[in-house]
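Asks: Below you'll find the structure I mean.
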Amino acid sequence: MARLAQTAGLTDIQQEILSTVRSFVDKEIIPVATQLEHRDEYPTEIVEGLKELGLFGLMIPEEYGGLGESLLTYALCVEEIARGWMSVSGIINTHFIVAYMLKQHGTQEQKDTFLPRMALGEVRGAFSMSEPALGSDVSAITSKGVRDGEEYVLNGQKMWLTNGGTSSLVAVLCRSDEGHPEGTAPHKSMTTFLVEKEPGFGEVRPGLTIPGKIDKMGYKGVDTTELIMDGLRIPANRVLGGTTGRGFYQMMDGVEVGRVNVAARGCGVAQRAFELGVSYAQQRQTFGKPIAQHQAIQFKLAEMATKVEAAHAMMVNAARKKDSGERNDLEAGMAKYLASEYCKEVVEDAFRIHGGYGFSKEYEIERLYREAPMLLIGEGTAEIQKMIIGRRLLEEYRFQG
Ligand SMILES: Cc1cc2nc3c(=O)[nH]c(=O)nc-3n(C[C@H](O)[C@H](O)[C@H](O)COP(=O)(O)OP(=O)(O)OC[C@H]3O[C@@H](n4cnc5c(N)ncnc54)[C@H](O)[C@@H]3O)c2cc1C
């Protein structure tokens, strides 16, 4: 039988990369994921393996030591990795977003300084927009960067940094009023600062504290943290792109490719849930036959597989659109919305197929059940995706009467 979620038209190189990643996931991730997750343990060995595979530099151009691959290749790798353990895809996702923002918007000096070391996984990226009082409403950011000679002084509190502790380069979005007088539209008075730091917790450089890991219901192993800036001094050449006032657009560009990756994660987690459900349904007997032979369970499997296929197709479409150089915010928003909702539903169905055992920590589906909800939130909630989709539809289908 053909596997679900096949992708037509891949090159030999793409197929080779994907088959290498898939076998890494089967051998090195799936057997240990649930144990590590239950201990909330960082997957150090897996990360070393990803470095060897070159995954931290997958989309970084070859001139900087990366593999120069497309967003599609990247998203398909993320799908495979999330099938093994969603947290591992989270470890590379923020890194990928920061590398992408540097590639698209960085000065030549910034690209030369960071991209080669990012391609090797020596410098690892995190990005930080959210604050304790805001996530969806990025325009309400209160953290501030104020110019002082050849430096900026940053103050404020950030929230929910994926890889906040393990990263060594954080792209931090702050308000910067320099050159932007009072009353300037919020999105025109924001700047992305490239903050270098030591990995770890506590005061990781003067003026910068990473307090500790936030205790989460799922998405464990990968660290999610706060970040506190108290008189943090940043050289002026660490303004992304060299000019203030562009941070909002730079971050939105990064988040847009990030959305394709969240969709890919949803596809991967849903695939794994389907695999677990279809396998269990053929082993568990009730009323004298495997539950897979009861029509109600077959219908569930049919719905699950259809959702896996549909989400994969939309994710691939959104990635290909971006790779062709076209605007893909509509497709990325739709793919992220659909894949994360379907993922939650497929995981729920697989959980139900497991009956009482789904509630036991011995079964992998228990972990997936706690992981899927994160996809409804990260890189913009379902409501925010629908706002983006709705606005774009009204642009495309403007009433001409
Ligand atoms: C595990 C995890 C990791 C994260 N990693 C990162 C990271 O690496 N970097 C980062 O910057 N952020 C990160 N985030 C933050 C994440 O992006 C935000 O949680 C998300 O954007 C939602 O923001 P919020 O939590 O403040 O919810 P709010 O914005 O307060 O929203 C609350 C609810 O109101 C709804 N809502 C808000 N505005 C509207 C509206 N206009 N119309 C209709 N409904 C609305 C939302 O959809 C949601 O249901 C992470 C979050 C989590 C949980």
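The values are calculated or read from the model by the stated rules, or taken from the named source; none is laboratory data. All values derive from a computational prediction rather than experimental measurement. Note that each Cβ is placed from the backbone with ideal geometry, even for glycine, and that neighbours are counted across all protein chains shown. Please note that ligands, DNA and RNA were not included when accessible areas were found on the heavy atoms of the full protein model with its side chains. Shrake-Rupley method; radii C 1.70, N 1.55, O 1.52, S 1.80 Å.
Asks: Rounded, prolate or oblate: pick one for the stretch 343-391, where a ≥ b ≥ c are the square roots of the eigenvalues of its C-alpha gyration tensor, a/c under 1.5 means rounded, and failing that, prolate if a/b is larger than b/c, else oblate.
Replies: Working: a/c = 5.69, a/b = 2.77, b/c = 2.05.
Here the stretch 343-391 falls in the prolate category.
Asks: What shape does the stretch 30-170 have by the C-alpha gyration tensor, where a ≥ b ≥ c are the square roots of the eigenvalues, rounded means a/c under 1.5, and otherwise prolate means a/b greater than b/c and oblate the rest?
Replies: Since a/c reaches 1.5 but b/c is at least a/b, the shape of the stretch 30-170 is classed as oblate.
Asks: Please compute the net charge surrounding Lys111, taking Lys and Arg as +1 and Asp and Glu as -1 over other residues with Cβ under 14 Å from its Cβ. Could you put the intermediate results ahead of the total?
Replies: Numbers: positive: Lys103, Arg117, Arg238; negative: Glu62, Glu63, Glu109, Asp112.
Around Lys111, the charge tally is -1.
Asks: Using a Gaussian network model of the chain whose springs link C-alpha atoms within less than 10 Å, name the residue from Pro206, Pro43, Pro186 with the highest mean-square fluctuation.
Replies: Between Pro206, Pro43, Pro186, it is Pro206 that shows the largest mean-square fluctuation.
Asks: To continue, here is another question. Counting only DSSP beta bridges with both residues in the chain, tell me the antiparallel percent, nearest 5.
Replies: Working: 32 of 37 bridges.
The antiparallel proportion sits near 85 percent.
Asks: Mind listing which GluC sites (Glu not before Pro) in the stretch 301-330 are in a DSSP loop and have 15 or fewer other Cβ atoms within 10 Å?
Replies: The qualifying sites are Glu326.
Asks: Can you give the accessible area of His105 in Å² (nearest 10), computed on protein heavy atoms with a 1.4 Å probe?
Replies: Number for this one is 60 Å².
Asks: Can you give the accessible area of Lys361 in Å² (nearest 10), computed on protein heavy atoms with a 1.4 Å probe?
Replies: 120 Å²
Asks: So what is the accessible area of the stretch 43-94 per residue, in Å², with the probe set to 1.4 Å?
Replies: 27 Å²
Asks: Looking at the stretch 100-211, I'd like the Rg to Rh ratio, where Rg is from alpha-carbon atoms and Rh is Kirkwood's inverse mean 1/r.
Replies: 0.96
Asks: May I ask you to rank Ser89, Ser19, Ser130 by accessible area, largest first, using a 1.4 Å probe over the protein chains only?
Replies: Descending order: Ser19, Ser130, Ser89.
Asks: Run the accessible area of the chain with a 1.4 Å probe and give the carbon-and-sulfur part as a rounded percent. Present the calculation step by step, with values, prior to reporting the outcome.
Replies: On the way: 9130 of 17280 Å².
On the chain, the fraction of accessible area on carbon and sulfur atoms equals 53 percent.
Asks: Let me ask something else. Taking only Cα atoms and a 10 Å spring cutoff, compute GNM fluctuations for the chain and point out the largest among Glu331, Glu150, Glu37.
Replies: Top of the fluctuation ranking is Glu150.
Asks: How much accessible surface area, in Å² rounded to 10, belongs to the heavy atoms of Ser324 with a 1.4 Å probe?
Replies: 70 Å²
Asks: Give the residue from Thr162, Ser143, Met129 lying farthest towards the positive end of the charge dipole for the stretch 125-245; charges sit on Cβ (+1 for Lys and Arg, -1 for Asp and Glu) and the dipole is referred to the Cα centre.
Replies: Value computed over the given set: Thr162.
Asks: Here is a follow-up. Out of residues 5 or more away from Met159 or on other chains, whose amide H comes under 5 Å of its own, with H placed 1.01 Å from N in the peptide plane?
Replies: Residues meeting the amide H criterion: Ser130, Glu131, Leu227.
Asks: Follow-up. With every protein chain kept in the model, how would you rank Asp230, Asp137 by accessible area, 1.4 Å probe, largest at the top?
Replies: If we order Asp230, Asp137 from most to least accessible, we get Asp230, Asp137.
Asks: Next question. Can you give the relative contact order of the stretch 268-382 as a percent, counting alpha carbon pairs under 8 Å and 6+ residues apart?
Replies: Result for the stretch 268-382 is 31 percent.
Asks: Size of the dipole of the stretch 12-119 about the Cα centre, Lys and Arg at +1 and Asp and Glu at -1 on the beta carbon, nothing else charged, in debye to 20?
Replies: For the stretch 12-119, the charge dipole is close to 200 debye.
Asks: Using Cα springs under 10 Å in a Gaussian network model of the chain, which residue among Glu69, Glu80, Glu256 shows the largest mean-square fluctuation?
Replies: Glu69
Asks: Name the lysines eligible as straight-distance cross-link partners of Lys103: C-alpha to C-alpha under 26 Å, and not fewer than 8 places from it in the same chain.
Replies: The reachable lysines, counting only those whose Cα sits under 26 Å from Lys103, are Lys51, Lys111, Lys144, Lys158, Lys188, Lys197, Lys321, Lys322, Lys336.
Asks: Can you tell me which lysines have their Cα less than 30 Å from the Cα of Lys289? Leave out same-chain residues fewer than eight positions away.
Replies: Partners within reach: Lys300, Lys307, Lys344, Lys361.
Asks: How about the stretch 337-401: which chymotrypsin sites (Phe, Trp or Tyr not before Pro) there are in a DSSP loop, with at most 15 other Cβ atoms within 10 Å of their Cβ?
Replies: Tyr397, Phe399
Asks: Please report the antiparallel percentage of the DSSP beta bridges confined to the stretch 125-245, to the nearest 5.
Replies: Details: 30 of 35 bridges.
Of all bridge pairs located within the stretch 125-245, approximately 85 percent are antiparallel.
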